[in-house]
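Below is one structure, written out as structure tokens; the observations come after it.
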Amino acid sequence: MSRRLGEKEFVNEQNAIFWGTFEGFVWIRCEGKGSFLQSPALKECAQQGEKHGRRRFVIDLEKCSGMDSTFMGTLAGLSTRMRRSGGDVQIASPGSKNRQSLEDLGLDHLLDIEPADAEWRGHVDDIRSDLKSFSPNGPQGLGERARHVLDAHRDLASTSDQNARRFKGVLDVLQKQAPPDEADK
């Protein structure tokens with residue numbers, strides 16, 4: 001399998017995003033805690049793939065120790081965008097804890113978790129050995145980070161009535177803290 005997009009470097013002591021573009025899909029591997037700190041890099045990494053016309057993503061959670069609501073909202077937003085454009089998002093190796101987190105928020109209906117017929121099955125070791133580390137273009141300021149957290153929670157709340165109720169209080173607080181977006185004006 002061959003990689004096709006450029007790569008950037010990003011690794012800190014606790015978290016890392018690795019990626020590669022392979023035949024028909026972008027593979028994104030999250031190591032460490034999938035959190036509001038790591039989710040902007042996940043989003044930007046996916047956007048890089050989208051800019052190159054990619055509409056199929058595999059998110060590898062084998063080394064992801066857990067996910068917060070911002071990270072899962074980022075996954076929900078990516079999946080929603082991909083579905084609108086005829087693409088999809090698959091989850092590889094979530095482990096029982098991450099699978100349960102995704103299922104608790106109903107994201108198993110939005111994300112294809114461990115699809116039995118995935119074309120990457122049987123190639124996972126080769127894919128993982130060819131990944132490169134990824135870093136965002138630059139650090140996010142507080143306003144950008146607050147906007148990202150708000151957008152991720154909006155995406156998460158939009159997935160179901162139950163999530164809308166569950167995250168209403170969080171959204172109310174975040175909307176007061178985040179800088180206005182051009183779309184909000």
Dipole size in debye (nearest 20) for region 40-185 around its Cα centre, Lys and Arg Cβ +1, Asp and Glu Cβ -1?
-> 400 debye
Distance histogram in 10 Å bins (all Cα pairs of region 70-121, percent per bin) | 25, 56, 19
Once region 79-166 is represented by equal point scatterers at the alpha-carbon sites, with solvent omitted, what log10 I(q)/I(0) does the Debye formula produce at q = 0.13, 0.14, 0.15 Å⁻¹?
-> -0.63, -0.73, -0.83
Eight or more residues apart or on different chains, and alpha-carbon atoms under 25 Å: count the Lys pairs in the chain matching that.
-> 24
For the chain: rounded, prolate or oblate by the Cα gyration tensor [a/c cutoff 1.5] = prolate
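Laboratory data are not the source of any read-out in this text; all were calculated from the coordinates shown. In this text the structure is predicted, and so the values were computed from the model without any measurement. Here the Cβ is made from the backbone with ideal geometry for all residues, glycine too, and neighbour counts use every protein chain on show.
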